[in-house]
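Below: the structure, in structure tokens.
The values are calculated or read from the model by the stated rules, or taken from the named source; none is laboratory data. Bear in mind the structure is a predicted one, so any value in this text is a computation, not a measurement. Surface areas here come from the heavy atoms of the whole protein model, side chains and all, with no ligands, DNA or RNA. Shrake-Rupley method; radii C 1.70, N 1.55, O 1.52, S 1.80 Å.
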Amino acid sequence: MASRSAQRAGDVAWARTPKVNGELFALTYGAMVKRLVEDYTEIDEVNEQLEKMGYNIGIRLVDEFLAKAGLPPCQGFQETAEVIAKVAFRMFLGVAADVTSWNSEATAFSLLLADNPLAEFVELPRQYKTLCYSNVLCGVVRGALEMVSEEMRSLGLG
């Protein structure tokens with residue numbers, strides 16, 4: 001699937017998806033992260049919990065994506081990356097990601113969000129510089145891919 005057609009498919013999926021107020025979503029997520037920071041003594045534990053929560057969301061969300069996106073099966077890992085970035089992120093978050101930094105074997109890539117709706121209204125104090133605030137997204141991608149038999153490892157970076 002070419003990037004343009006993936007972008008169009010993402011726009012169509014976004015138009016058909018019921019919306020939640022973005023500010024409410026961002027503030028609710030922020031309150032959840034704050035609670036995790038209060039409940040765990042180490043920031044690494046918070047990062048791990050965010051990734052686990054995302055994983056549990058991803059293993060359920062993939063069914064909704066497959067049912068509503070109406071796309072044919074991906075023909076390879078690069079197409080899978082484009083569909084995640086342009087269709088799935090658009091469908092569920094309202095923003096598209098960019099696929100970058102492929103390794104030489106084309107088995108690893110980065111997803112970059114120019115506009116992260118989870119990070120709206122967020123300013124982290126210095127003592128939380130190692131907090132991977134949006135690590136839930138890494139878990140969502142990992143959980144969804146594992147449900148369609150793609151193994152992955154995620155590295156949350158912010």
Quote the convex hull volume per residue of the range 34-148, based on C-alpha atoms, as a whole number of Å³. 120
Got a number for carbon plus sulfur as a percent of the range 30-89's accessible area, 1.4 Å probe? 54
Assuming a ≥ b ≥ c are the square roots of the Cα gyration tensor eigenvalues, decide whether the range 71-134 counts as rounded (a/c under 1.5), prolate (otherwise, with a/b larger than b/c) or oblate. oblate
For the cross-link pairs 52/86; 68/129; 34/86, which exceed 26 Å when the distance is taken from alpha carbon to alpha carbon? 68/129; 34/86
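At 1.4 Å probe size, with every protein chain present, just tell me what the per residue accessible area of the range 24-140 comes to in Å². Mind dumping the intermediate values first?
Values: 6720 Å² over 117 residues.
On a per-residue basis, the range 24-140 sits at 57 Å².
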Area projected by the alpha carbon convex hull of the range 43-94, averaged over all directions, nm²: 4.4
